[in-house]
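The values are calculated or read from the model by the stated rules, or taken from the named source; none is laboratory data. The model shown is predicted, which means the values in this text are computed figures rather than measured ones. Cβ coordinates were reconstructed from backbone atoms using ideal geometry, including for glycine residues, and neighbour counts include every protein chain displayed. SASA here: full protein model, heavy atoms, side chains in, ligands and nucleic acids out. Shrake-Rupley method; radii C 1.70, N 1.55, O 1.52, S 1.80 Å.
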Amino acid sequence: MRPATKETAYRFLELASFGDIVLMEDDSPYGTAIATYVIVKYAREAGIPVYIDDVLDSLSLVGKHLKFLGIDEDFSDVSVIKTGGIENVGNVIERLPVESEPIMYITRHREITREILSRGRHINIVLGMERMFAFLGNRREFYLFVTYLKELLGNRNRKAFYILNRNIIPGIKFNPLPELEEIASTVVEIRIKDGVHVVIPKKALFVEIIGKEFAGKLEEIMRW
């Protein structure tokens, strides 16, 4: 097991190219919160604007978990596209309802995304996507949404991190992980091992890191 230092984490985020989708499968208590915090912190230091897709108050939960861990973060400088939910966190620039017809949501989301990315390179963090899949009622809707995600792949003004809660996946009618893992250029798991959060790359352009375990202690990450 290798230590996940700030330099190691930032190097991993730097190596992900614009146009890539990084899928992060979280199976730990605070992995989503920590990953969001680290990505935003990296983006600030790199001077790259961030926008977050916040599905059903997922960003609010991230903020509460960070506060519990002793990290004060309000995401006030982060643009937020809010889908459903009632708790406003960050700079909410657009609100989208959870539509009964996915094509209506996709059409509006596409317009907003194009407008954001027309202004240059951004990092996009997607929180709660697994909850969106839970609303899809049939295979047509499922593959319509998957096709839209494929459409976003390769946009050179976007570097995306989809952070999913694996514990919710078993309750979803259509498991999105096989499709998302195929779309993503990089796939990592976040889990707890020996009392620490561990990141394990499952799919990566740099094959030498696949299967390696990078462990990060909370008290060290908080000092980054």
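For the range 192-205, name all the residues that are under 20 Å from the mean Cα position of the chain (by Cα) and assigned to a strand (DSSP E or B).
I192, H197, V198, V199, I200, P201, K202, K203 - these are the residues of the range 192-205 that are under 20 Å from the mean Cα position of the chain (by Cα) and assigned to a strand (DSSP E or B).
So which residues in the range 58-67 are within 21 Å of T83 (Cα to Cα) and without any contact (Cβ under 8 Å) to a residue 60 or more places away in the chain?
S60, L61, G63, K64, H65
Determine which member of the set V38, V50, V78 is of a type outside the set (S, T, N, Q), in contact (Cβ under 8 Å) with a residue 24 or more places away in the chain, under 25 Å from E7 (Cα atoms) and open to solvent by less than 10 Å² (accessible area, probe 1.4 Å).
Going through V38, V50, V78 in turn, just one is of a type outside the set (S, T, N, Q), in contact (Cβ under 8 Å) with a residue 24 or more places away in the chain, under 25 Å from E7 (Cα atoms) and open to solvent by less than 10 Å² (accessible area, probe 1.4 Å): V78.
Determine which member of the set I123, I93 is in contact with a Pro (Cβ under 8 Å, 6 or more places away or on another chain), of a type in the set (A, V, I, L, M) and at pLDDT 95 or above.
Answer to the check: I123.
Exactly one condition in (1) open to solvent by less than 70 Å² (accessible area, probe 1.4 Å); (2) over 17 Å from A35 (Cα atoms); (3) not in a helix (DSSP H, G or I) is not met by Y162; state its number.
Tallying (1) open to solvent by less than 70 Å² (accessible area, probe 1.4 Å); (2) over 17 Å from A35 (Cα atoms); (3) not in a helix (DSSP H, G or I), Y162 fails exactly one: (2).
From N155, N167, which residue is open to solvent by 50 Å² or more (accessible area, probe 1.4 Å), in contact with a Leu (Cβ under 8 Å, 6 or more places away or on another chain) and not in a helix (DSSP H, G or I)?
After applying the criteria, what remains is N155.
If E208 meets every condition in (1) open to solvent by less than 70 Å² (accessible area, probe 1.4 Å); (2) in a helix (DSSP H, G or I) apart from one, which number is that one?
Of the numbered conditions (1) open to solvent by less than 70 Å² (accessible area, probe 1.4 Å); (2) in a helix (DSSP H, G or I), the odd one out for E208 is (1).
Residue check: is R121 charged (D, E, K, R) and closer than 16 Å to T36 by Cβ?
No: the conditions fail for R121.
Which members of the range 10-25 meet the condition of being closer than 18 Å to I123 by Cβ and surrounded by 21 or more Cβ atoms within 10 Å (Cβ to Cβ)?
F12, I21, V22, L23, M24
Which ones in the range 119-138 are in a loop (DSSP other than H, G, I, E, B) and out of contact with any strand residue (DSSP E or B) (no Cβ under 7 Å at 6 or more places or on another chain)?
Hits for the range 119-138 are R119, G120, R121, F135, L136, G137, N138.
Can you tell me which of E189, E179 is crowded, with 17+ Cβ neighbours inside 10 Å and in a helix (DSSP H, G or I)?
Matching residue, one of E189, E179: E179.
Kindly indicate the residue of the range 118-151 that is farther than 16 Å from N175 by Cβ and β-branched (V, I, T) and also most open to solvent (accessible area, probe 1.4 Å) among those meeting that condition.
T147
With respect to I200, determine if the residue is open to solvent by 50 Å² or more (accessible area, probe 1.4 Å), touching a strand residue (DSSP E or B) at 6+ places or on another chain (Cβ under 6 Å) and either at positive phi or among the aliphatic types (A, V, I, L, M) (or both).
no
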